[in-house]
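Read the structure below first, then the notes.
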Amino acid sequence: LHNTVVGGSEFMKKTARQDELEEIAGTVGQTFFGLTVNCARCHDHKYDPISQKEYYQLTSALGGVFHGEKDVQDSEFIEQVNEIEKEINGLQIRLGKIDKVIKERVLKNRAQVPPKEKTKGPVPMARWEFDQNLNDSIGTMHGKTSGNARLENGALVLDGKSSFVSTSPMSRDIQEKTLEAWVQLDGLTQRGGGVISLQTSDGIIFDAIVYAERTAKAWMAGSDTFKRTQLHQGPEEKKADQEPTHVAITYKSDGTITRYRGGQPYGKAYKTGIIKYEKGKSEIIFGMRHGKEADSKRMLSGKILRAQLYDKALNPAEIAASAGTESNFVSDEEILALITDNEKTKRDNISSKIKELNDKANNFRSQRKTKIYSVAARSNPGPTYVLNRGHALQPKEKVNPGSVSAVTGPDANFGLPADAADSERRKKLAEWITDSNNPLFTRVIANRVWHHHFGTGLVKTPNDLGFNGGIPSHPELLDWLATELKTNGYSLKHLHRLMVNSRAYRQSSMPNPKTIKNDSDNRLIWRKSPTRIDAESLRDAMLKVSGKLNTTMGGPGFRDVTFRSLNGTTYYTPFDKEDESLNRRTVYRFSPRGQRSSILDAFDCPDPSTTAPSRSTTTTPIQALALLNNAFVLRMAEGFSKRLKEENQDKIREQVIRAYELAYGRRPDPEEIQLGLNLSKNHGLQALCRVLFNSNEFVVVE
């Protein structure tokens with residue numbers, strides 16, 4: 001929250017978070033659909049048909065966005081890592097070619113094995129077939145129902161609300177293990193339900209087969225506080241709601257966790273820790289991720305046809321046999337059994353080189369990391385509640401992610417649960433904003449582009465196209481531009497080209513006394529309104545003309561302030577000196593709120609900590625004084641005159657002509673040349689440079 005002190009109480013922290021969400025939601029709403037949705041935080045909007053509930057729907061869609069920090073590295077180090085990774089990729093291709101030959105040999109050898117000698121399905125330590133009861137058909141881990149769980153047609157039916165099954169405690173310790181089940185879901189959009197979970201008796205520590213908790217439409221290895229969980233990288237689940245699906249997860253003693261679907265590896269294996277579950281203190285549950293009581297965030301909706309628990313980590317062939325499929329997966333053990341000495345030597349050398357390069361790359365990645373302020377998304381932000389009069393400690397009803405229903409066309413209900421993942425929420429919001437039927441998005445963008453070319457938008461209030469905003473001066477033109485944007489693939493380049501090639505844009509700025517009387521604001525666009533360049537462009541123009549502009553792009557910005565901290569407060573002191581690093585474009589300037597730039601401030605540069613949909617344009621004596629006496633301007637004028645002398649030696653007339661060409665982009669007329677000569681001879685060339693900087697033609701675009 002912009003370095004402000006949030007406070008230590010729960011109320012202050014939650015209020016600060018709500019202030020943050022209001023700023024985010026307000027910026028998104030005003031930027032992309034031109035509505036001040038943030039005005040509905042405490043009550044329904046006073047002007048536009050936006051309810052308080054819809055405001056909180058929007059904050060729910062953005063609820064995973066937090067301010068935070070992330071590590072970045074120097075581009076030099078990134079380039080070195082990229083070169084190493086290219087070398088690693090080349091070695092992995094060579095290794096893959098060797099492994100391909102060996103795997104083909106393994107599969108050919110496997111095909112020659114008589115059917116009777118092929119891998120048989122392994123025997124579990126516990127099995128639940130759900131035919132007539134919840135008994136363990138092998139051991140003593142019999143189950144009992146909770147909520148509305150029931151048996152129906154040889155399956156355990158779960159409603160996703162209150163139904164789950166828990167078993168009696170295990171009769172022996174277990175560490176290495178395999179969880180396996182055949183399950184059919186009621187729908188693929190549900191999130192976070194557990195199929196089979198091995199947990200401690202208090203329901204806190206667990207390992208489970210979980211559907212779509214962190215990644216939508218994916219099976220994952222659930223665990224307490226995600227200690228043994230990684231995000232899924234693999235195909236989406238598409239058929240588990242149509243047919244029974246085999247899923248399994250193996251946990252090896254070295255911490256390797258491997259997921260399977262349909263008897264085949266599913267996503268990448270990874271290595272974490274492993275938990276030992278003790279006899280008498282651990283149990284199996286079905287239909288819930290973990291816990292002792294039903295919780296809507298953890299429940300599975302569907303049916304389980306069969307489930308099994310093993311006290312060892314099955315290998316790929318055993319998983320395939322249990323699932324009733326043939327596996328083409330070749331384990332490292334099978335490769336090593338049939339590898340030749342020559343192949344082994346080549347394989348070991350390449351693997352050793354890959355490890356060496358990976359260590360080198362990791363060493364580079366760990367060096368010179370710089371923390372920067374950035375968005376830190378949280379994958380599971382949790383549900384959002386309507387707050388009574390916006391009070392952070394007075395939640396009312398829960399809301400699902402959504403947007404504003406008054407925007408006709410796209411459905412404001414995103415169809416997501418209240419606890420949906422952050423990625424799903426923001427994806428749905430982006431799709432809603434850019435929906436081809438959204439009538440506001442293209443109008444807002446077209447109006448903004450017009451605003452930047454003509455100085456004023458067709459609607460004067462770029463951030464507010466609602467009832468409290470401006471009325472379009474040319475509504476049919478705005479509609480046409482919006483349609484052009486949509487029908488041309490949302491190409492901003494097409495929109496820019498349309499506008500700058502138009503007769504309206506190419507008009508003269510010459511005034512007409514009669515027309516000025518009737519339309520002094522030029523809302524009817526009868527001429528091209530003279531526009532003063534913005535403060536940042538003015539600074540950049542002086543740098544360019546003086547020959548001092550540092551065109552370095554990207555990287556850290558520059559600081560023309562010194563700062564010191566005292567009792568928790570930072571004090572900034574501006575300075576100006578001859579330093580190439582300070583001569584970069586203004587967009588790279590570090591802009592502390594505690595100390596604004598005097599030259600930028602004089603020319604209405606907005607506060608960088610707030611949004612500025614349109615800039616105020618004032619005309620004050622301070623501006624003329626700044627262009628004559630500001631330390632930066634004096635330094636630029638000195639550089640400008642030095643450049644003129646270097647380019648034209650002692651030819652004063654040529655220096656004056658060149659000064660006009662650089663400042664105005666045109667040759668001066670005879671009268672201007674004479675005036676420039678007189679000023680330069682009497683007061684020096686630097687005085688002429690200051691006068692040119694202070695002229696309308698340098699500051700105003702006509």
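The values are calculated or read from the model by the stated rules, or taken from the named source; none is laboratory data. Bear in mind that the values here come from a model prediction, so they are computed numbers and not experimental data. So basically every Cβ, Gly included, is an ideal-geometry build from the backbone, and we count neighbours across all protein chains shown.
What's the number of the condition Tyr310 fails, among (1) more than 16 Å from Gly222 (Cβ to Cβ); (2) touching a Leu at 6+ places or on another chain (Cβ under 7 Å)?
Result: Tyr310 passes all but (2).
Please determine whether any residue of the stretch 36-48 is part of a loop (DSSP other than H, G, I, E, B), within 30 Å of Gln367 (Cβ to Cβ) and not basic (Lys, Arg).
Taking the stretch 36-48 as the starting set, the residues that turn out to be part of a loop (DSSP other than H, G, I, E, B) are 36, 41-48.
Still in the running and within 30 Å of Gln367 (Cβ to Cβ): none.
No, the stretch 36-48 has no match at all.
Tell me, which residue of the stretch 417-444 that is buried (at least 20 other Cβ atoms within 10 Å of the Cβ) and free of Cβ contacts under 8 Å to residues at least 60 places away in the same chain is nearest to the chain's Cα centre (by Cα)?
Trp432
Scan the stretch 552-576 for residues that are out of contact with any helix residue (DSSP H, G or I) (no Cβ under 6 Å at 6 or more places or on another chain), touching a residue at least 24 places away in the same chain (Cβ under 8 Å) and either under 26 Å from Arg690 (Cβ atoms) or assigned to a helix (DSSP H, G or I) (or both) and jot them down.
Once the filter is applied, which keeps residues that are out of contact with any helix residue (DSSP H, G or I) (no Cβ under 6 Å at 6 or more places or on another chain), touching a residue at least 24 places away in the same chain (Cβ under 8 Å) and either under 26 Å from Arg690 (Cβ atoms) or assigned to a helix (DSSP H, G or I) (or both), the stretch 552-576 yields Val561, Pro574.
Which ones in the stretch 281-298 are more than 10 Å from Gln199 (Cα to Cα) and modelled with pLDDT of 95 or more?
Within the stretch 281-298, Phe286, Gly287, Met288 meet the criteria.
Where the second residue is among the acidic types (Asp, Glu) and the first is outside any loop (DSSP other than H, G, I, E, B) and lies in the stretch 241-254, which pairs have Cβ atoms under 7 Å and are six or more apart or on separate chains?
Close Cβ pairs (under 7 Å, with a partner that is among the acidic types (Asp, Glu)) amount to Ala248/Glu180; Tyr251/Glu176; Tyr251/Asp207.
Scan (1) out of contact with any helix residue (DSSP H, G or I) (no Cβ under 8 Å at 6 or more places or on another chain); (2) under 30 Å from Lys13 (Cα atoms); (3) free of Cβ contacts under 8 Å to residues at least 60 places away in the same chain for the single condition Lys396 breaks and write down its number.
Failing condition for Lys396: (1).
Does Pro530 count as in contact with a strand residue (DSSP E or B) (Cβ under 7 Å, 6 or more places away or on another chain) and over 30 Å from Pro592 (Cβ atoms)? Break it down stepwise before answering.
Values: in contact with a strand residue (DSSP E or B) (Cβ under 7 Å, 6 or more places away or on another chain): yes; over 30 Å from Pro592 (Cβ atoms): yes.
Spelling it out, Pro530 is indeed in contact with a strand residue (DSSP E or B) (Cβ under 7 Å, 6 or more places away or on another chain) and over 30 Å from Pro592 (Cβ atoms).
Under the condition of being touching a strand residue (DSSP E or B) at 6+ places or on another chain (Cβ under 8 Å) and outside any strand (DSSP E or B), which residue from the stretch 586-599 is modelled with the highest pLDDT?
Tyr588
Which members of the stretch 247-256 meet the condition of being crowded, with 22+ Cβ neighbours inside 10 Å and not polar (S, T, N, Q)?
Step one: filter the stretch 247-256 for residues crowded, with 22+ Cβ neighbours inside 10 Å, giving 247-251.
Matches in the stretch 247-256: Val247, Ala248, Ile249, Tyr251.
Do we find that Asp604 is surrounded by 14 or more Cβ atoms within 10 Å (Cβ to Cβ) and either assigned to a strand (DSSP E or B) or at pLDDT 90 or above (or both) in this structure? Before you say what the answer is, go through the steps one by one.
Numbers: surrounded by 14 or more Cβ atoms within 10 Å (Cβ to Cβ): yes; either assigned to a strand (DSSP E or B) or at pLDDT 90 or above (or both): yes.
Taking the combined requirement at face value, the residue satisfies it.
Can you tell me which condition Phe33 does not meet? The list is (1) surrounded by fewer than 21 Cβ atoms within 10 Å (Cβ to Cβ); (2) within 23 Å of Pro608 (Cα to Cα); (3) touching a residue at least 60 places away in the same chain (Cβ under 8 Å), and all the others hold.
(1)
How many of the residues making up the stretch 613-627 are within 15 Å of Gly457 (Cβ to Cβ) and surrounded by 13 or more Cβ atoms within 10 Å (Cβ to Cβ)?
Counting residues in the stretch 613-627 that are within 15 Å of Gly457 (Cβ to Cβ) and surrounded by 13 or more Cβ atoms within 10 Å (Cβ to Cβ) gives 3.
Out of the stretch 202-217, which residues are at pLDDT below 95 and either within 23 Å of Leu156 (Cα to Cα) or under 25 Å from the mean Cα position of the chain (by Cα) (or both)?
Result: Gly203, Ala212, Glu213, Arg214, Thr215, Ala216, Lys217.
What are the residue pairs meeting all of these: first residue in the stretch 680-702, first residue within 18 Å of Lys544 (Cβ to Cβ) and among the basic types (Lys, Arg), second residue in a helix (DSSP H, G or I) and at pLDDT 95 or above, Cβ atoms under 6 Å, and 6 or more apart or on different chains?
Taking only residues 6 or more apart or on different chains, the pairs are Arg690/Ala637.
Just to be sure I understand, how many residues within the stretch 283-324 are surrounded by fewer than 22 Cβ atoms within 10 Å (Cβ to Cβ) and either at positive phi or not hydrophobic (A, V, I, L, M, F, W, C) (or both)?
Summing the residues that are surrounded by fewer than 22 Cβ atoms within 10 Å (Cβ to Cβ) and either at positive phi or not hydrophobic (A, V, I, L, M, F, W, C) (or both) in the stretch 283-324 gives 15.
Could you list all residues from the stretch 194-238 that are part of a loop (DSSP other than H, G, I, E, B), crowded, with 20+ Cβ neighbours inside 10 Å and of a type in the set (A, V, I, L, M)?
Those that are part of a loop (DSSP other than H, G, I, E, B), crowded, with 20+ Cβ neighbours inside 10 Å and of a type in the set (A, V, I, L, M): Ala212, Ala216, Ala218.
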